[in-house]
Amino acid sequence: MALTRGKTAGIHLPERTGVKMALDIDFVRKQFPAFSEASLHGQAFFENAGGSYTCQPVIDRLTRFYTQRKVQPYAPYEASRLAGAEMDEARSRMAAILGVESDELNFGPSTSQNTYVLAQAFRKWMRPGEAIVVTNQDHEANTGPWRRLAEDGIEIREWRIDPETGHLTPEDLENLLDEKVRLVCFPHSSNVVGEINPVTEITAIAHAAGAFVCVDGVSYAPHGFPNVGELGPDIYLFSSYKTYGPHQGIMVIRRALGQMLPNQGHYFNGDVLYKRFTPAGPDHAQIAASAGMADYVELLAQHHGCTETDPAARAGFVHDLMRAHEVDLLQPLLDAVKDRNSVRLLGPAVAETRAPTVALALTRPAEPVAAELAKFGVMAGGGDFYAVRALQGMGVDPQKGVLRVSFTHYTARSEIDQLLQALDRVL
């Protein structure tokens, strides 16, 4: 399983002189106002897969924009000039972290909306009889818009998960590929299965067959920004409100594909790559505030002694710190639930191969169980989480749903203990 940002396997921490080899969780939590908020005291947050807490640098930038820069950007007067500069800073810094060019990064209202716009571009570009491969492991954002293209004669081929494990087998994808396939869509990590898919391997298989690749990174990016340039897909999508930022979607479209697809924006913006797939006016303040995510990565890199100078390498250093901390906390949770009676753990039981998004199929409806957990100060969720096809593919009744507990690198060991104690009482 490709767990790191690039092409190597397994978790590795950079071996650098003076680097702290463990995440400083106290420092991390000081960067999130939620952990000092009185109304949240004693509440352990385990619904991070639905949206994370926001870090202070993002809040600071958003506040500054709304109080000092809330004007039309890119005009010659000072407030406008600064507004535009902050938006440009966010685009360039986040692109550098992701290992792509700045104009290959698009901001939009949500990942679902970004995917929908992309699908309209492919609708115009593809011909009837050509094919797109989707999975039933995705949640609906990276499957529904593509499936709708069948209305125009596009063939939709489904790469199906193993009904017992939820695993996607690359060899099964190879059997679906031929000269008709133009696009392969799959998740970096499913929001209910949790297993981390080998993006580079799958991308290479698709590219060898002449197909482009679209990766939904919504459930992976919160656990460390990936180096999209190294991983190799043509499209990579995630939601910044799940990566400690404002409520919007971020989409990478590599230049070769972006220039090939028909423009979906205003005709006079068609020669600007990052405007081609933004048909509506972007949220200026949220774009500017996204630079706060880069600020946060920089804070962690500096605090932990990172000596790398390249932004993607510094982000990779932080990625590995986050993942190591998460894996350390995740394995006890998996061990506690994997062999319980009346509980089915979806996805792998080995922490190194998955994200800390843990879905449990129960013998009773999940939403009332989540409500019971709330009595013990545990914030979790129950339902289908827009992953109806994945649940059905594993024989889980979407009406009952699953209990999902999800965390990220800012979760403390004491909160894991609180969760385990609550699960003992509720399950």
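The values are calculated or read from the model by the stated rules, or taken from the named source; none is laboratory data. A quick note: this is a predicted structure, and the numbers were derived from the prediction, not measured. Heads up, the Cβs are rebuilt from the backbone with ideal geometry, glycines too, and the neighbour counts pull from every protein chain shown. With ligands, DNA and RNA removed, areas are computed over all heavy atoms of the protein, side chains included. Shrake-Rupley method; radii C 1.70, N 1.55, O 1.52, S 1.80 Å.
Checked across region 332-346, the condition of being more than 21 Å from the chain's Cα centre (by Cα), at pLDDT 95 or above, closer than 30 Å to Gly305 by Cβ and not assigned by the TED database to the domain that holds Asn191 holds for at least one residue. When you scan region 136-157, do you find a residue that is among the small types (Gly, Ala, Ser) and part of a strand (DSSP E or B), even just one? Checked against the condition, which is being among the small types (Gly, Ala, Ser) and part of a strand (DSSP E or B), region 136-157 yields no hits at all.
Among the residues of region 54-85, those identified as touching a Ser or Thr at 6+ places or on another chain (Cβ under 9 Å) and either open to solvent by less than 80 Å² (accessible area, probe 1.4 Å) or of a type outside the set (Ser, Thr, Tyr) (or both) are Val58, Arg61, Leu62, Arg69, Val71, Gln72, Pro73.
Every residue, every condition in (1) surrounded by fewer than 17 Cβ atoms within 10 Å (Cβ to Cβ); (2) assigned by the TED database to the domain that holds Leu273; (3) under 21 Å from Thr200 (Cβ atoms); (4) in contact with a Phe, Trp or Tyr (Cβ under 9 Å, 6 or more places away or on another chain), yes or no:
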position: Val100; (1), (2), (3), (4): no, yes, yes, yes
position: Thr115; (1), (2), (3), (4): no, yes, no, yes
position: Ala119; (1), (2), (3), (4): no, yes, no, yes
position: Glu130; (1), (2), (3), (4): no, yes, no, no
position: Gly144; (1), (2), (3), (4): no, yes, no, yes
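Can you tell me which residue among Asp271, Asp295, Asp328, Asp283 is without any contact (Cβ under 8 Å) to a residue 24 or more places away in the chain and over 30 Å from Val350 (Cα atoms)?
Just a single option satisfies the conditions, and that option is Asp271.
If you go through region 361-408 and pick out every residue that is in a loop (DSSP other than H, G, I, E, B) and open to solvent by 60 Å² or more (accessible area, probe 1.4 Å), you end up with 10.
Yes or no: Ala150 open to solvent by 30 Å² or more (accessible area, probe 1.4 Å) and farther than 30 Å from Glu47 by Cα? Spelling it out, Ala150 is indeed open to solvent by 30 Å² or more (accessible area, probe 1.4 Å) and farther than 30 Å from Glu47 by Cα. Annotation note: Cβ proximity below 7 Å between a residue of region 31-60 that is free of Cβ contacts under 8 Å to residues at least 24 places away in the same chain and a residue that is open to solvent by less than 40 Å² (accessible area, probe 1.4 Å) and hydrophobic (A, V, I, L, M, F, W, C) (sequence gap 6+ or interchain) occurs for Leu40/Ala34.
Restricting attention to region 125-135, the residues that are in a strand (DSSP E or B) and small (Gly, Ala, Ser) total 1. Could you tell me whether any residue of region 259-274 is open to solvent by less than 10 Å² (accessible area, probe 1.4 Å), small (Gly, Ala, Ser) and either more than 15 Å from Asp138 (Cα to Cα) or in a loop (DSSP other than H, G, I, E, B) (or both)? No, region 259-274 contains no residue that is open to solvent by less than 10 Å² (accessible area, probe 1.4 Å), small (Gly, Ala, Ser) and either more than 15 Å from Asp138 (Cα to Cα) or in a loop (DSSP other than H, G, I, E, B) (or both).
Here Gln31, Gln68 are screened, and the one residue that is modelled with pLDDT of 95 or more and not assigned by the TED database to the domain that holds Ala285 is Gln31. Annotation note: of Leu168, Leu173, Leu183, the sole residue that is farther than 18 Å from Glu326 by Cβ, part of a strand (DSSP E or B), open to solvent by less than 10 Å² (accessible area, probe 1.4 Å) and at pLDDT 95 or above is Leu183. Among residues belonging to region 222-258 that are of a type in the set (A, V, I, L, M) and not in a strand (DSSP E or B), point out the one that is nearest to Thr203 (Cα to Cα). Only one residue fits best here, namely Leu231.
Among the residues of region 349-360, those that are closer than 22 Å to Leu321 by Cβ, in contact (Cβ under 8 Å) with a residue 60 or more places away in the chain and either open to solvent by less than 10 Å² (accessible area, probe 1.4 Å) or touching a helix residue (DSSP H, G or I) at 6+ places or on another chain (Cβ under 8 Å) (or both) comprise Glu352, Arg354, Ala355, Pro356, Thr357, Val358. Taking (1) among the β-branched types (Val, Ile, Thr); (2) part of a helix (DSSP H, G or I); (3) farther than 23 Å from Asp24 by Cβ in turn, Val327 satisfies each apart from (3).
Within region 332-373, being charged (D, E, K, R) and farther than 24 Å from Ile196 by Cβ holds for Arg364, Glu367, Glu372.
When you check Arg340 against the structure, is it within 30 Å of Arg425 (Cα to Cα) and surrounded by fewer than 16 Cβ atoms within 10 Å (Cβ to Cβ), yes or no?
yes
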